[in-house]
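To keep things clear, I will list the structure first and then write my remarks on it.
The values are calculated or read from the model by the stated rules, or taken from the named source; none is laboratory data. Keep in mind it's a predicted model, so treat the numbers as computed, not measured. As a convention, Cβ positions derive from the backbone with ideal geometry for all residues, glycine included, and neighbour counts pool all protein chains shown.
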Amino acid sequence: MQLKQIIIATNDREKLEKATLGKGCYVTWCALELDDILRVRDRSNVLFLCPKDEEEDDLKRIGLYLRDLCIEDEKIVYIYGSRRGVDILVSKMPVMFTRMYSYASQMPFTVLLDDLAVMEKEMGSDDRPAILLLDDKTEYIEKLRVYLEPFFHIYVNHFDMDELGFMILRSDVILVGMDKKLTLVEYMDIFRVIYHKMKQIGFHLYYLTATNDERDRVNSGNDRSGMAFSREMGEQSVANYLKRKYAKVE
């Protein structure tokens, strides 16, 4: 994921443009208006929204549009600006699809750009396949992580819904889903993202079930809905399968 190409939607370009100088970012600028965002929506996977004194109805329309854009186009959205403007936008966008920085306008915009540069450096320095482990705080997941770590870049999420959507977008190869009781809304949010992610070539979904019978029921479908492993298989067996298939380890 290339993070240097970014879009900044703002009606205060003159002030923010100075903050981007020397940051190594190629910026596409547009007004913080729905028509302008529509014209540049596919130029980057990173979008900065910088509300200042815009009308409430306009911000609501933008937020409703971006709610679906984040899912369909896998946009990573940052929000920076006045407290009021941030609150209006966030009220229309599920927080799991937003990496939200609710800094006041007087805070330095360069802080967000610095964070972006750090992420790019971390991601660019590791060419291992990426796996996101959805962890319900079990001992099993920690053992699995130890076996996989030398061969994969590991992200672990304890079903923190505020960060889960963002992490799914960063994980380019495999998603390993742990079995855990979630609310219906949480399941809907998670699988709405996964549904669109399944369209990405090279992405695979895995489940970890309690028993071999549950594993066999999932695997009987023989399609891209996902493959299941059971806890009875043991952490090393699961890790060995993933290493052989995706890390090309004999």
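Name every residue in the range 43-88 that is surrounded by fewer than 16 Cβ atoms within 10 Å (Cβ to Cβ) and among the hydrophobic types (A, V, I, L, M, F, W, C), in order of residue number. Passing the criteria: only LEU64. Being of a type in the set (Val, Ile, Thr) and part of a helix (DSSP H, G or I) is the requirement here; does VAL176 meet it? So VAL176 fails the test. Counting residues in the range 180-191 that are closer than 18 Å to ARG128 by Cβ and either of a type in the set (S, T, N, Q) or not in a strand (DSSP E or B) (or both) gives zero.
Suppose the filter is under 25 Å from GLU72 (Cβ atoms) and without any contact (Cβ under 8 Å) to a residue 12 or more places away in the chain; does VAL185 pass it? Yes: the conditions hold for VAL185. Being surrounded by fewer than 16 Cβ atoms within 10 Å (Cβ to Cβ), free of Cβ contacts under 8 Å to residues at least 60 places away in the same chain and closer than 18 Å to ALA130 by Cα holds for only one residue in GLY221, GLY177, GLY202, and it is GLY202.
Give the residues of the range 14-29 that are of a type in the set (Lys, Arg) and surrounded by 14 or more Cβ atoms within 10 Å (Cβ to Cβ), sorted by residue number. First the steps, then the outcome.
Taking the range 14-29 as the starting set, the residues that turn out to be of a type in the set (Lys, Arg) are 15, 18, 23.
Residue satisfying the conditions is LYS23 alone.
Each row is one residue, and each column tells you yes or no for (1) part of a helix (DSSP H, G or I); (2) modelled with pLDDT under 80.
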residue	(1), (2)
LYS60	yes, no
TYR65	yes, no
ASP68	yes, yes
VAL86	yes, no
SER105	no, yes
PRO108	no, no
VAL111	yes, no
GLU122	yes, yes
